[in-house]
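Take a look at the structure set out below.
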Amino acid sequence: MDGSDFRSFEGPATGAPRVVVIGSGFGGLAAAVRLAGKGYRVTVLERLDAPGGRASVFRQDGFTFDAGPTIITAPFMLEELWASAGAKLSDDATLRPCDPFYTIRFADGEVFRYSGDPAAMLAEVARISPEDVDGYQRFLQKSAGIYSVAFEALADKPFHSIPFTAAAMADLVRLEGYRSVYGMVSRYFKHPHLKTVFSYHPLLVGGNPFTTTAYYCLIAHLERQFGVHYAEGGMGSLIRGLVRVLRENGGEIRCGAEVETILTKNGKACGVKLASGESLEADIVVSNADPGWTYGRLMSEAPRKRWTDRKIAAADYSMGLFVWYFGTRRRFETVGHHTILMGPRYRGLLDDIFIRKTVADDCSLYLHRPTASDPSLAPPGHDAFYVLSPVPNLASGTDWAREGEAYRQRVQRRLEDTVLPGLGAEIISSHFVTPADFETRYLSPLGAGFSLEPKLFQSAWFRPHNLSEEASGLYLVGAGTHPGAGLPGVLSSAKIVADLLPDAAAYQPGAALSVS
Ligand SMILES: Cc1cc2nc3c(=O)[nH]c(=O)nc-3n(C[C@H](O)[C@H](O)[C@H](O)COP(=O)(O)OP(=O)(O)OC[C@H]3O[C@@H](n4cnc5c(N)ncnc54)[C@H](O)[C@@H]3O)c2cc1C
């Protein structure tokens, strides 16, 4: 899909309030679809030549590569999103369950098959550490308890109001969010491998298990309850589907359209100015750009109460990502859809990435082989892969233009020594991205893979609000806003924004909500 697919579309009822959405990541598209479904005239402006942001898709040498997300953990949220605009997810995408969810391989040769089958999971835990079976069952209860509050009750509620936050505080304290995920997991497990297996999930949303708030222990329950899925044909089917639903509801998307400034008048957002010099008026502006970019660059001239340049500079950003996409001339049948290759160090490597900010000699890897489930993503008899290595963000000072190829070779050697012997001779397509690409492509501060780190004091009220406190009529969606990164998080942020606004017919010009 390229930008030429996106023709201008006449909006719905003339006179309906206008919404400009900056950016077409999952958060921006989901907000656009929901607001178009509510009768607003929606225009999405995307600086890249195709929609999707981190979830974009590229084709190379006959292979189809999902650039970013691959794991779908809350399929019901996608169904609900399509339904919010009178559409059916199944018209655009087919989701299929993965079994196992992940194969986790340790450096000492131990393998843990992480699945949604309760009996198989119990057997895996018992095989590794019989004395941890009871703790595992209690951990599942804890995870379910956190899920019911932090996800079901609070993830799709706005956290801009102090009374609301105060009312939620008792629950949040009871859930022990002041602990880290690793700290919480360690209360239930003794075996180091099991501590790793049940604590690594924050890495999927940019967090360090040793500092990410224990609310993220909810992921274990989310996966167990709803499964881990992939989209047939890749994530592109979801992005194309969202664009289709947006257009069916009268919305439009313009690619190659970079917003330079959010225009404000008397403290209210009233439109945007593009890098081309064009200006677009709007009643409501929704920014899916990184909050650091939204406030630090797009609103650099506007007076700001909370998100000053100093506060943005002091924020902690998530780790960076080195992602290598490659296609092979043959299939590696023994490798599953999702494999995690743990390196020899767990805490030490995470300290290097998040605290010392140095590129380590060792690495832990997530290996994606979508062709294990869906051969259509590669020419017949071939495999499409991507391998992702968490690395420090650009605060490390690494010159990735110089170091990138050497790092790729290191990752290749690690794969050859473990699950892909002889890989070097089989590669026929190759492309890698580094934190430097995340900075230039997605305008991500410090080239972070997942925007702000999900620490306690960068979560809920402390995270950039979905209803901006800097200008009325301005709303924020996406990974850097509440509730956080990952598809469930960014889809929730879009729902919050849509729920804050009335149907277009009931919208009162000048009555935009603002944070008091
Ligand atoms: C490699 C990788 C793997 C991942 N795996 C998973 C996974 O398996 N499961 C999961 O749930 N999550 C995963 N995630 C996280 C998830 O992909 C992201 O949290 C989510 O896609 C981010 O969506 P977003 O809406 O915040 O916006 P983004 O995808 O960041 O999109 C923002 C868009 O805004 C555009 N933009 C920015 N500034 C401007 C401007 N001034 N004018 C116009 N356009 C602008 C950008 O070009 C971009 O297209 C992964 C992320 C990465 C990077």
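Output the residue which, of all residues in segment 266-291 that are more than 24 Å from LYS38 (Cβ to Cβ) and in a strand (DSSP E or B), is nearest to the ligand (Cβ to nearest atom).
Filtering segment 266-291 for residues that are more than 24 Å from LYS38 (Cβ to Cβ) and in a strand (DSSP E or B), the one nearest to the ligand (Cβ to nearest atom) comes out as LEU274.
Can you give me the number of residues within segment 480-512 that are in a helix (DSSP H, G or I) and either away from the ligand (no atom under 16 Å from the Cβ) or not β-branched (Val, Ile, Thr) (or both)?
14
Might you check whether a residue that is assigned to a strand (DSSP E or B), under 30 Å from TYR200 (Cβ atoms), more than 16 Å from the ligand (Cβ to nearest atom) and among the charged types (D, E, K, R) occurs anywhere in segment 35-52?
no
Do we find a residue being closer than 21 Å to ILE353 by Cα, acidic (Asp, Glu) and modelled with pLDDT of 95 or more anywhere in segment 450-473?
Within segment 450-473, one or more residues are closer than 21 Å to ILE353 by Cα, acidic (Asp, Glu) and modelled with pLDDT of 95 or more.
Could we say that GLY348 is among the small types (Gly, Ala, Ser), assigned to a helix (DSSP H, G or I) and either within 16 Å of the ligand (Cβ to nearest atom) or at pLDDT 95 or above (or both) here?
Yes.
Across segment 173-205, what is the total count of residues that are more than 16 Å from the ligand (Cβ to nearest atom), under 17 Å from GLY343 (Cβ atoms) and either in a loop (DSSP other than H, G, I, E, B) or in contact with a Pro (Cβ under 8 Å, 6 or more places away or on another chain) (or both)?
Going through segment 173-205 one residue at a time, the tally reaches 2.
For segment 244-262, give me each residue that is in contact with a helix residue (DSSP H, G or I) (Cβ under 7 Å, 6 or more places away or on another chain) and either in a loop (DSSP other than H, G, I, E, B) or at pLDDT below 95 (or both).
ASN249, GLY250, GLY251, GLY256
Please give the strands (runs of 3 or more DSSP E) falling wholly within segment 374-477 in which 3 or more residues are touching a residue at least 12 places away in the same chain (Cβ under 8 Å) and surrounded by 20 or more Cβ atoms within 10 Å (Cβ to Cβ).
In segment 374-477, the matching strands (runs of 3 or more DSSP E) lie at 383-391, 474-476.
What number goes with the only condition from (1) closer than 30 Å to ARG369 by Cβ; (2) in contact with a Phe, Trp or Tyr (Cβ under 6 Å, 6 or more places away or on another chain) that ILE253 does not pass?
Single failed check for ILE253: (1).
Yes or no, residue by residue, for (1) in a loop (DSSP other than H, G, I, E, B); (2) not β-branched (Val, Ile, Thr):
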site	(1), (2)
ALA220	no, yes
LEU242	no, yes
THR264	no, no
GLY296	no, yes
SER300	yes, yes
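What's the number of the only condition in (1) among the small types (Gly, Ala, Ser); (2) within 16 Å of the ligand (Cβ to nearest atom); (3) closer than 25 Å to HIS465 by Cα that SER237 fails to meet?
(3)
The values are calculated or read from the model by the stated rules, or taken from the named source; none is laboratory data. Note that the coordinates shown come from a computational prediction; the quantities given were computed from them, not determined experimentally. No Cβ is skipped: glycine too gets one built from the backbone with ideal geometry, and neighbour counts run over all protein chains shown.
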